[in-house]
1. Whole number please: convex hull volume per residue, Cα atoms of the range 234-296, in Å³.
2. For the range 288-346, place one equal point scatterer on every Cα, skip the solvent, and apply the Debye formula. What is log10 of I(q)/I(0) at q = 0.13, 0.22 Å⁻¹?
3. What share of Cα pairs, in percent, lie more than 20 angstrom apart in the range 223-347?
4. Given (i) 1.35; (ii) 1.43; (iii) 1.73, which label gives Cα Rg over 2.2 N^0.38 Å as computed from the coordinates?
5. Semi-axes of the equivalent ellipsoid for the range 97-221, please: Cα gyration tensor eigenvalues, times 5, square-rooted, ordered largest first, whole Å.
6. Jot down the per residue volume, in cubic angstrom and as a whole number, of the convex hull over the alpha-carbon atoms of the range 37-181.
7. What are the extents of the Cα atoms of the range 176-256 along their three principal axes, listed from largest to smallest and rounded to whole Å?
8. Could you tell me the relative contact order of the range 93-205? Use alpha-carbon pairs under 8 Å, at least six residues apart, and round to a whole percent.
């Protein structure tokens, strides 16, 4: 008993270590890379897990469809106790009809021979349904990984903004300390000291805001990858993404998307399944032919304990039947079903064409956004370099008494804005690349085993 309990505890511990890192204890920090975040999301994301249940349902539906073509065998048994038997008089004598106990054992076999193509159409529909479920799971996995990627980049952006805001605050503090020394030496006025103090005060709230944004981004990422809220995480990575493997023109990008998109595959399968449903509905107007056979064993005894009953006391009989039915008039019910199935098929074709057009628009937008973000990153890097040089010149001029404190503060604000814009542009480039990968149906994570 104790050994069984220990085995159970060990198996639970192993399962937990697979789903979460060994350091995922309260108070321990988990270091996350983007690949590790993907791995956790594939194991723990509830939206993705729910779509896998739909796959299980689809496989069960295929099994159910196969059953329509396979024979069915049923066993039945009854034991009848006649408490009062009917009596009749013949020649002055009274006779009872029947026995006190009747035992029946029966086997019934049935096999569908022809159902107007409904069996084959139903099986095709079940297979299409399974493939649609698999495509939906692929789409959900791609969307989940896209959300995780964006959530990971949100954390990296928030951390970068914290660094920019903290650096700006540190510069304001350093400037205040320098001006305070100048004031003590009598080279600047008290107004310069007060103005520098205001800059320090104004530089502190952005640091708090950036830290709050970082906390929110981490909470959202933990939600996506299935980590508890209390577990601290730290993301390691860079917003510098490689876009060399992505298509460079709209035509090739659209072609890649049309061949990869899981939702488009699901739409095509839906149209094929609706086409099969038309054949299924039409099959209801055709003959239904089936074969059935029965085998019956029956024994009649008056012994209440059945002690005198032997195997040879059973009478045996068997029969076979060919069942043929043909619908003559159903009040046009089936014709209405056929019209509905045809309408569903046309609607699915319209949806497929609309989805193709929407994919072309999404790919165009994502590719153009990627180009725009790339240009902004290059411009932002140059702006940061120029702003840093400008701040250095302004600092030297202010210390030499050539420029005013206002010009120095102006240079600091320009550098902070340039750094913020550059980090934001890097984030926009990373998310634009992620969006393009998503609309192209590309993923760098191997599909999980079904």
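Here, each number is a calculation from the coordinates, and none is a lab measurement. Everything numeric in this text was worked out from a predicted model, so none of it was measured. In this analysis, Cβ positions are derived from the backbone assuming ideal geometry, glycine residues included, and neighbour counts consider all displayed protein chains.
1. Details: hull volume 16.6 nm³, N = 63.
Taking the convex hull of the Cα positions in the range 234-296, it is 264 Å³ per residue.
2. -0.63, -0.92
3. On the way: 5998 of 7750 pairs.
So the portion of pairs separated by more than 20 Å is 77 percent.
4. Identified label for the calculated read-out: (iii).
5. Semi-axes (√(5λ), whole Å): 82, 19, 8.
6. On the way: hull volume 33.2 nm³, N = 145.
About 229 Å³ per residue, rounded to a whole number.
7. On the principal axes, the range 176-256 reaches 71, 41, 17 Å in Cα extent.
8. Values: 24 pairs, mean separation 21.2, N = 113.
It comes to 19 percent, rounded to a whole number.
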